[in-house]
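Here's the structure we're looking at; comments come further down.
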Amino acid sequence: MRVGRAAVFEWELEGVPVELGPHGAQPVEPVGCVGGPQPPGRWNPHAAHVETRVRTQATAAHGAGAGVRLGQPPRLIQEPRPPVWVPGGGSLETYDFALTNTYNYSYLSFYGYKYAKSVLDSFWRRADELGVERNPFQAAFAQFVLVSETDEKARQEYEEHVLYFYNKCMHINPRYVEAPGYRSARSTRNVLKARLEGTNRSGRDLLKSGFGWDELRAAGYIIAGSPETVRAELEAAARSLNVANVALLLQVGSAPHELTCKNTTLFATEVMPALREVFSEHDSSPFWPVTTQRVPQ
Amino acid sequence: MTAPTVTQVRANERVDFSVRVHGSGPGLLYLHGFGGLACGDFLDLLGRSHTVYAPEMPGVGGSTGLDEVRSTWELALAYHDLLQLLDLPEVAVVGHSVGGMIAAELAALWPSSVNRLALVSPMGLFVESSPGDDPFALLPTEWCQFFADQDSTVARRFADPDGSIDERVTLLVDRATAAEAAAKFLFPIPDRGLSRRLYRVTAPTLLAAGGLDTFVPAGVVEAFRSGIPHAQVSTVPEAGHMLPLEEPVQLSKILDAFLGSVVPARHPAAEGGARA
């Protein structure tokens, strides 16, 4: 299993900073989304943005979104091309985009691995339909992970900060998510059907039902406890999703610097080493830069 | 009443229209607004005196090509191509909301193709002193705000349709795609230069407005009236933006009276100088 820093995907390749992120087509940039998704086969702003950044031509596509097209798609100069990670929120077209281009598909929410399951299960079913191998390194999920000496101490140390995050910091205006044209008709149909059938309650709705520490743990929003507890649950989570990349969220809400350092250190020393061999039978090379694949001794 | 038929028309190499046909009589082109063609009995009421051709906007329902239509000009061109293929060289055009903007574009760009123009709560003009509410800031669950009486059954059903799950999904997807199609030509500022072309409209024109419409407020209606030669205004005081759904009977009577009235001479200045 690979563990990466959450929130910022930034790697250094031969001195060229490669920033991979949803800059061009984020829901918070609805202007870029008006006009609808681009049809298959057309230059895709996700990749174009990444590739443009690889060429260090940062200004050309920055913030352009789907509403602006360049005359010619930028071309990659690195060989082999660096891995590309594509964040997605369950749109069917993004599954296909990642799978057919051998890109990583990252479902990055604050709602944890159980909530991620419906999206990632759908991703793997689509992989089967397209005849793509279920390589766990082709997907990622985000997860709050909070480690302390014991389960009870984890609660004592982190509960206040976790509740601060979920109660105070999650006020994202839903208009950013539902801007007209952000989802294709096909994906809108898919999401609406699941919602009306009751098989897909939004993470926001679940939070409204009054989640506390126990509920957040039970629902998988957070994985918290002693190193043993976290190791077991994180491995089970990864295996249940068939996902080998965890975008770790080690700082939560109002947690201070010292506590975050403690969490990071405990994770790195007590949890991460035990998980290195999980999914080691799979090839990570299409989805990780070659230079980062050396495991430090 | 005869059930509507649906026909598919490839207008040009970019756009395929799904066209619903209601009623019988002289041809009439109806261009829908927010919500697509799900406007209750309104089209049947119009169809009592006209053969109503109601295409869905590109990207909505069975119509395709939204990605390929790059400008308001190309959008209007697709509708004009459609009129030729439907063998409607000169026709009455009724447009609601974003459909009103398209109708006005058609009448301005090809004055001789439109013999009557009825704009129902039309969008497409931006008046700084009277900007109106932003329709794209509404969540789908807030679409009842298009209606004057947001608690009415028709308003609540617009945001939360009844029926089977598949029927509800289809209606909501149609509404979402209609909003997307409208956004392409109205967002963020609903001004693609229509005000600079309105002088070319020669057709007798009716503006039908809801007195409580906060999306097309009185200032916008007045801008249309002053921009189109000899336009007349008919206001339904208690209605909001969704006149075809809120007041279908009253609106159809207003339109019947306008469409069936003696055709006055086209605006002389435009007649002489603005033939396409």
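No lab work stands behind these numbers, since they all come straight from the coordinates. None of the values given here were measured: they were computed from a predicted structure. So basically every Cβ, Gly included, is an ideal-geometry build from the backbone, and we count neighbours across all protein chains shown.
Observations, loosely collected:
- Cα-Cα P(r), the range B:44-139, percent of pairs per 5 Å interval: 3, 11, 20, 25, 21, 12, 7, 3, 0
- Pairwise FRET efficiency - residue A:172 versus residue A:290, Cβ, R0 = 51 Å, nearest 0.05: 0.90
- In loop segments of the range B:36-119 as defined by DSSP, the trypsin sites (Lys or Arg not before Pro) with at most 13 further C-beta atoms inside 10 Å of their C-beta are B:70.
- Debye intensity ratio I(q)/I(0), log10, the range A:120-201, q values 0.16, 0.18, 0.25 Å⁻¹ (C-alpha model): -0.99, -1.05, -1.17
- Using a Förster distance of 22 Å, the FRET efficiency for residue B:48-residue B:84 (Cβ separation, nearest 0.05): 0.25
- GluC sites (Glu not before Pro) within the range B:117-224, DSSP loop, no more than 12 other Cβ atoms inside 10 Å: B:128
- Qualifying lysines (Cα of each under 28 Å from Cα of residue A:168; at least 8 residues distant if same chain): A:114, A:117, A:153, A:208, A:262
- Note, ³J(HN,Hα) from phi for the range B:45-53, Karplus 6.51, -1.76, 1.60, rounded to Hz, x at Gly and Pro: 5, 5, x, 5, 10, 9, 8, 8, 9
- Residue A:240/residue B:225 FRET efficiency (R0 56 Å; Cβ-Cβ; nearest 0.05): 0.30
- Average projection, convex hull of the Cα set of the range A:207-279: 5.5 square nanometres.
- Percent antiparallel among DSSP beta bridges (both partners in chain B, rounded to 5): 35
- The modelled label-to-label distance between residue A:196 and residue A:277, using points 7 Å beyond Cα along the C-beta direction, is 5.1 nm.
- Pairwise label distance in nanometres, residue A:129 with residue B:133, each label 7 Å out on the Cα-Cβ vector: 3.8
- In this rough spin-label picture, where each label sits 7 Å from Cα along the Cβ direction, the residue A:265-residue A:153 distance is 1.2 nm.
- Here the scattering of chain B is modelled by Debye summation over its C-alpha atoms, one equal scatterer each and no solvent; at q = 0.10 Å⁻¹ the log10 of I(q)/I(0) is -0.45.
- Rule-of-thumb Rg ratio for the range A:83-291 [Cα; 2.2 N^0.38 Å; N residues]: 1.05
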